[in-house]
Amino acid sequence: MAHAIPITAAFIACVLLPACQRHLTDQNLNCVKMDMSPKEVESILGQPTRQEIREMPLQADVKTLPVQRYIYEQNGKTVVIHFVNGKLIGQEGTFDQ
């Protein structure tokens, strides 16, 4: 039982330290599929570095469409995940070189 306290403390410290955050790779990114919800994407990639909602022009028309974007940043690389109506519609970028 004496070892339980240091192990628990180490686990809590790791959760709270940014250096222990999940390392994102293209292997993670390849698990993200079209029509996934934001929560499904978060279950694979974790919380995005930031989120934003923008009006995105439709190519076939002059109308715009509200798009939710999840932006993930790691080691100078950026990946942007696009959602429309709560479903993944596309992604840009890569984590690996």
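The values are calculated or read from the model by the stated rules, or taken from the named source; none is laboratory data. Every value quoted in this text rests on a predicted model; they were computed, and no experiment measured them. Don't worry about glycine lacking a Cβ; one is built from the backbone with ideal geometry, like all the others, and counts go over all protein chains shown. For accessibility, only protein heavy atoms count, side chains too; no ligands or nucleic acids. Shrake-Rupley method; radii C 1.70, N 1.55, O 1.52, S 1.80 Å.
Quick notes on this structure:
- Subset of the range 11-30 (residues that are of a type in the set (A, V, I, L, M), open to solvent by less than 60 Å² (accessible area, probe 1.4 Å) and at pLDDT below 90): A13, L24
- Remark: pairs (first residue in the range 66-83, farther than 17 Å from C31 by Cβ; second residue of a type in the set (G, A, S); Cβ separation under 6 Å; 6+ apart in sequence or on different chains) = T78/G93.
- Listed conditions (1) part of a strand (DSSP E or B); (2) open to solvent by 60 Å² or more (accessible area, probe 1.4 Å) are all met by K33, apart from (1).
- Within the range 38-54, being of a type in the set (D, E) and outside any strand (DSSP E or B) holds for E40, E42.
- Tally of residues being hydrophobic (A, V, I, L, M, F, W, C), within 15 Å of K87 (Cα to Cα) and open to solvent by 80 Å² or more (accessible area, probe 1.4 Å) across the range 38-65: 1
- If the condition is being among the polar types (S, T, N, Q) and closer than 14 Å to L24 by Cβ, then the range 40-65 contributes S43, Q47, T49.
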